[in-house]
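The values are calculated or read from the model by the stated rules, or taken from the named source; none is laboratory data. Just so you know, these numbers come straight off a predicted model, no measurement behind them. Please note: Cβ atoms are built from the backbone with ideal geometry, for glycine as well, and neighbour counts cover all protein chains shown. For accessibility, only protein heavy atoms count, side chains too; no ligands or nucleic acids. Shrake-Rupley method; radii C 1.70, N 1.55, O 1.52, S 1.80 Å.
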Amino acid sequence: MPEFIKMGVILMIVATIATTILAATEEITRAPIADAKRQELLLVLKQVLPKGFNNEPDQDTLKLSDQSLDRKNKPVTFYLAKKDGEPQAAAFVVVAPDGYSGNIEILMAVKIDGTINGVRVVSHTETPGLGDKVSVTDWPKSFEGKTQTNTKWGVKKDGGDFDQFAGATITPRAVVGAVKRGLDFFVANKNQIFSSADTK
C-alpha cells in the first residue's frame, strides 16, 4: 500500500476517534450544563420574586412581545410565581436601549397588585465606577414597593424620586424609564399574563 494511502487511513482513523470522543463528551456534559443554567436562572428569579411561591416559575411561563419591553420587539418571557395555583407575581426582563454605553437588561418582578417586588440589572456595558453602580450597589432596591401612583417616576434631577449618580445621570435615568415601561405594561396586561400562561 502506498505511503500516502496509509497516511490517509491513519488520519481518517484519528479523526473518527476524535469525533467520537467529542460527541461522547458533549453528551455527558449537556445535562449538567443545562441544570447549572437552570439553577442560575432560579437563583436570580428568587432574588426578585416575592417569597412563598410554591410552583416552578421557570416552567410556568408566557412569551409576549411589545416595544415597551424591547424596542426590537423580541419576545419576552414572563416567569410566573404562584402559591397553590394562585398567581402571586411575574418576573420578566425589560431592556433600556438608552443607556450611556448601550442596552441595559433589567429583570423585574411585579406582584399581582401592581407593586414592584424586586429589580436586578442583569446585563449592561456601562462605565465601571460610574454607570455600573446600577448593578454593583443597592440602588435597584429603591424600586421595591413602588407602584404607578405612589412614585414620581424619574431621577431627582428631573423632579423624580430616584437618586442619580454623580457624573452618571444617563444610566439611572434609562433604568428608571425602562422599569416604568415594564410596570405599565404589566398593569395593562395583567389579565393576559396570568390567564394565558402555559402551566407545565
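Okay, here's what the table says:
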item: Residue under evaluation G102, criteria (1) open to solvent by 40 Å² or more (accessible area, probe 1.4 Å); (2) in a loop (DSSP other than H, G, I, E, B), criterion not met; result: (1)
item: Residue within the stretch 84-104 that is among the hydroxyl-bearing types (S, T, Y) and within 23 Å of L42 (Cα to Cα) present; result: no
item: Neighbours by Cβ (under 9 Å, 6+ apart or cross-chain): first from the stretch 175-188, touching a residue at least 12 places away in the same chain (Cβ under 8 Å); second hydrophobic (A, V, I, L, M, F, W, C) and open to solvent by 50 Å² or more (accessible area, probe 1.4 Å); result: V176/W153; G177/W153; V179/W153; K180/W153; L183/W153
item: Single residue of the stretch 142-160 satisfying the filter (charged (D, E, K, R) and at pLDDT below 95) that is nearest to Q67 (Cα to Cα); result: D158
item: Unmet requirement for A89, which otherwise passes all of (1) at pLDDT below 95; (2) part of a strand (DSSP E or B); (3) of a type outside the set (S, T, Y); result: (1)
